[in-house]
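Report on the following structure.
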Amino acid sequence: MQTSKPLTDKVTWVGKVDWDLVKFHGEEFSTLKGSSYNSYLIRDEKTALIDTVWLPYDKEFVSNLKQEIALSEIDYIVINHGEVDHSGALPELLREIPDTPIYCTKNGVRSLKGHYHEDWNFVPVQTGDTLELGETTLTFVEAPMLHWPDTMFTYMDSEKILFSNDAFGQHYATESLYNDRVDQCELYEEALKYYANILTPFSAMVKRKIREVLDLNLPLEMICTSHGVIWKNDPMQIVNQYLEWADNYQENQISIVYDTMWNGTRRMAEAIAAGIQKADSSVTVKLFNAGKEDKNDIVTALFKSKAVLMGSSTVNNRYLSAIGGLLEMVKGMKFKDKKAAAFGSYGWSGEAVKLLSEDLTQSGFTLVNDGLKTMWAPDEDALDACAAYGQRFVESL
Ligand code: FEO
């Protein structure tokens, strides 16, 4: 069965839609709407393949590719980024066409050699280097830290396509290919989740690189990403959205994230939320139990928030492990311009609030107070104190 899909006279999608994927990067990223590994075949006088697919689909990929083209007719392979979801089928492919040149950045050579330990025919390229295919010229633009040091974009002048690899992507399975043929809410949510969880730490570089590419004034018909939809209808919408997200994005939202042993900290969280909402009905307040909620959804909520309250019971003189795991992720996000405070109930020693406050500071949040502790299960007075704490918190922002 042929699975390839023509995009233009010269470009054919030859990737893999992975409806089955629920976790990515090990257990680090939930992909509840699946994903795709987009690979593109460009046919001109010469033929180039842009990226491949993830390793479990290598044989399927090569078999499908053979139905589209004799492999010996592929003159060049371009690998925009060496992570295995895009390079995973290279060993299988290169078993059949071993001498085919692989165009990638210098760091791309390092990552591909690091993954596969093969001395393939690498052609390192840098920004401004070109590859002539006939009527088409491919121009390479290094895009380090969008999101790996090896990442680059490839621009195809004849069809006005930017092959952006991970940038502008989403973990979103669709058979429909294009951005205007899918549920727009789902697309926005998945693009946002992708940015929040993968690109947030590199926002300064995202802004710089986008402005650099915009300054080139390249005509743009499509952005062909390596995951999810192809941006064909108003492709600049996602570029402009990235500029907004990369600019220390926040909405009028406060997220309360907690874990709880016997519901004391949960009841504190709910009372604090009520206090915030009573003091400022315009703010959106969201609560997340870190022990139950999807951690990537929590990171996305924190990305959207102007302030965060984090709570935990104290156990063994520490906070609970679900909060610990989440904080480890949050530290890596390098969020900026967000306020925070801690809270928690305890029975004996109550260290969690102090530890949470320290870790929130280390994670880049600005603490607005020393936190709120409640001994044992909160009674009515304690819940009133939580509501007052919520009110003071929102008023201090
Ligand atoms: Fe989709 Fe960084 O790999």
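The values are calculated or read from the model by the stated rules, or taken from the named source; none is laboratory data. Note that the structure is a prediction, hence the values are computed from the model and not measured. Note that each Cβ is placed from the backbone with ideal geometry, even for glycine, and that neighbours are counted across all protein chains shown.
Of all the listed residues (T154, T136, T127), the sole one being in the same structural domain as M205 (by TED's automatic domain parsing), surrounded by fewer than 17 Cβ atoms within 10 Å (Cβ to Cβ) and β-branched (V, I, T) is T127.
Kindly indicate whether any position in the stretch 185-201 is more than 30 Å from V299 (Cα to Cα), buried (at least 17 other Cβ atoms within 10 Å of the Cβ), more than 16 Å from the ligand (Cβ to nearest atom) and not polar (S, T, N, Q). Scanning the stretch 185-201 turns up no residue that is more than 30 Å from V299 (Cα to Cα), buried (at least 17 other Cβ atoms within 10 Å of the Cβ), more than 16 Å from the ligand (Cβ to nearest atom) and not polar (S, T, N, Q). Of everything in the stretch 331-345 that is without any contact (Cβ under 8 Å) to a residue 60 or more places away in the chain and surrounded by fewer than 24 Cβ atoms within 10 Å (Cβ to Cβ), the residue that is farthest from F393 (Cα to Cα) is K331. Considering (1) more than 29 Å from Y242 (Cα to Cα); (2) under 29 Å from the mean Cα position of the chain (by Cα); (3) surrounded by fewer than 23 Cβ atoms within 10 Å (Cβ to Cβ), the lone condition that A269 does not fulfil carries the number (3). Residues in the stretch 164-201 that are within 24 Å of I50 (Cα to Cα) and either part of a helix (DSSP H, G or I) or not assigned by TED's automatic domain parsing to the domain that holds D150 (or both): N179, D180, R181, L187, E190, A191, Y194, Y195, I198, L199. May I ask you to list pairs of residues, at least six apart or on different chains, whose Cβ atoms are under 6 Å apart, with the first in the stretch 76-92 being farther than 17 Å from V123 by Cα and the second being aliphatic (A, V, I, L, M) and more than 9 Å from the ligand (Cβ to nearest atom)? That search, which allows pairs on different chains as well, returns V84/L55; G88/L55; A89/V53; E92/V62.
Going through T8, T3 one at a time, which residue ends up being away from the ligand (no atom under 16 Å from the Cβ) and at pLDDT 95 or above?
Of the residues listed, the single one that is away from the ligand (no atom under 16 Å from the Cβ) and at pLDDT 95 or above is T8.
Of the residues L162, L146, the single one that is more than 13 Å from the ligand (Cβ to nearest atom), of a type in the set (A, V, I, L, M) and buried (at least 20 other Cβ atoms within 10 Å of the Cβ) is L162.
Scanning the stretch 39-97 for residues that are of a type in the set (G, A, S) and away from the ligand (no atom under 16 Å from the Cβ) yields a count of 4.
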